[in-house]
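Quick notes on the structure that follows.
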Amino acid sequence: SDPSSSRRGAFIVFEGLDRCGKSTQVSKLVERLEREGRKARLQKFPDRTTAIGKMIDAYLQSKAEMDDHAIHLLFSANRWECAAAIKKDLESGITVIADRYAFSGIAFSAAKGLPFDFCLQPDTSLPLPDLTLYLTLPQEVASQRSQFGEERYETISMQQATREQFALVAQQVTSRHGESKWTQVDASGTIEQVADRIWGLVGEIADGIEGDIGRLWV
Ligand code: NYM
Ligand code: MG
């Protein structure tokens with residue numbers, strides 16, 4: 001008998017500041033899982049393909065202006081509209097890898113000056129990631145990468161403020177959900193070096209998880 005058949009898929013989230021290499025690593029992990037015969041799905045946040053996602057995209061490209069609270073709630077709504085599909089996939093044994101999640105939502109909005117508790121609330125009870133990998137890179141390296149500065153928030157001062165908020169988010173995750181739920185990863189080095197580092201951290205949770213899907217902040 002196959003012990004993994006009774007397990008649900010793991011929910012793994014990648015977080016970090018802009019241009020730290022998240023999207024590259026998310027794709028590499030999904031490919032590697034599939035190569036090893038596991039079912040995996042990539043979920044990007046913001047998901048710019050939905051109606052809400054298109055409003056977010058216009059805001060990020062500075063084609064639209066929006067009240068800070070309103071855009072915060074749209075980012076959260078964009079997660080809620082994807083939540084049922086994430087749960088369904090996890091329950092059918094698929095590993096779901098998210099490129100950003102609620103933690104970016106809190107860190108970026110709080111960095112703009114919105115109250116931390118306000119930022120935290122709308123995502124309450126979303127599917128809880130089994131593991132969040134927080135990729136870190138020195139700001140001078142990220143800033144030199146092509147495309148840095150293209151979108152809203154991609155300024156040195158905003159990145160620095162967001163970095164401070166991510167540290168507070170990490171405290172919330174570990175105090176409410178446990179130390180095992182948040183792991184910081186050094187994202188410097190070659191793509192392959194970082195991918196191997198991440199593979200080592202993902203380890204056996206990619207074989208599936210026993211137990212129910214948790215609820216964020218609950
Ligand atoms: N961002 C992302 C937020 O401000 N709130 C959120 O809830 C999420 C998911 O959007 N600078 C910010 C972080 C990024 C920007 O993300 C776009 P990406 O990964 O470049 O598409
Ligand atoms: Mg971006």
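All of the numbers you see were taken from the coordinates with simple rules; none came from a lab. As the structure is a prediction and not an experimental result, all values here were calculated from the model. Glycine gets a Cβ as well: all are built from the backbone with ideal geometry, and neighbour counts include every protein chain shown.
Numbers for the structure displayed
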read-out: For peptides 137-143, 42-48, sequence by mean Cβ density within 10 Å, most packed first; value: 42-48, 137-143
read-out: Extension gain, Ile156 back to Lys44 (0.36 nm per residue minus Cα-Cα distance, nm); value: 37.9 nm
read-out: Rg/Rg_ref, the chain, where Rg_ref = 2.2 N^0.38 Å and atoms are Cα; value: 0.99
read-out: Residues of the stretch 25-41 with amide N under 15 Å of a point placed 7 Å along Cα→Cβ from Ser92; value: 39-41
read-out: Charge dipole of the chain about the Cα centre (unit charges at C-beta), most positive-ward option of Thr190, Pro122, Pro138; value: Pro122
read-out: By average C-beta atoms within 10 angstrom, highest first, the peptides 100-113, 197-210; value: 100-113, 197-210
read-out: Long pairs among Lys88/Lys112; Lys87/Lys112; Lys63/Lys181; Lys88/Lys181; Lys54/Lys181; Lys63/Lys88, criterion Cα-Cα beyond 29 Å; value: Lys88/Lys112; Lys87/Lys112; Lys63/Lys181; Lys54/Lys181; Lys63/Lys88
read-out: Ordering of 175-186, 9-20, 80-91 by burial proxy (mean other Cβ atoms within 10 Å per residue, highest first); value: 9-20, 80-91, 175-186
read-out: Whole-number percent relative contact order across the chain, with pairs defined as alpha carbons under 8 Å at least 6 apart; value: 34 percent
read-out: DSSP bridge pairs, the stretch 7-207: antiparallel proportion in percent, nearest 5; value: 0 percent
read-out: Total formal charge among the other residues, if their Cβ is under 14 angstrom from that of Ile52, Lys/Arg +1 and Asp/Glu -1; value: +1
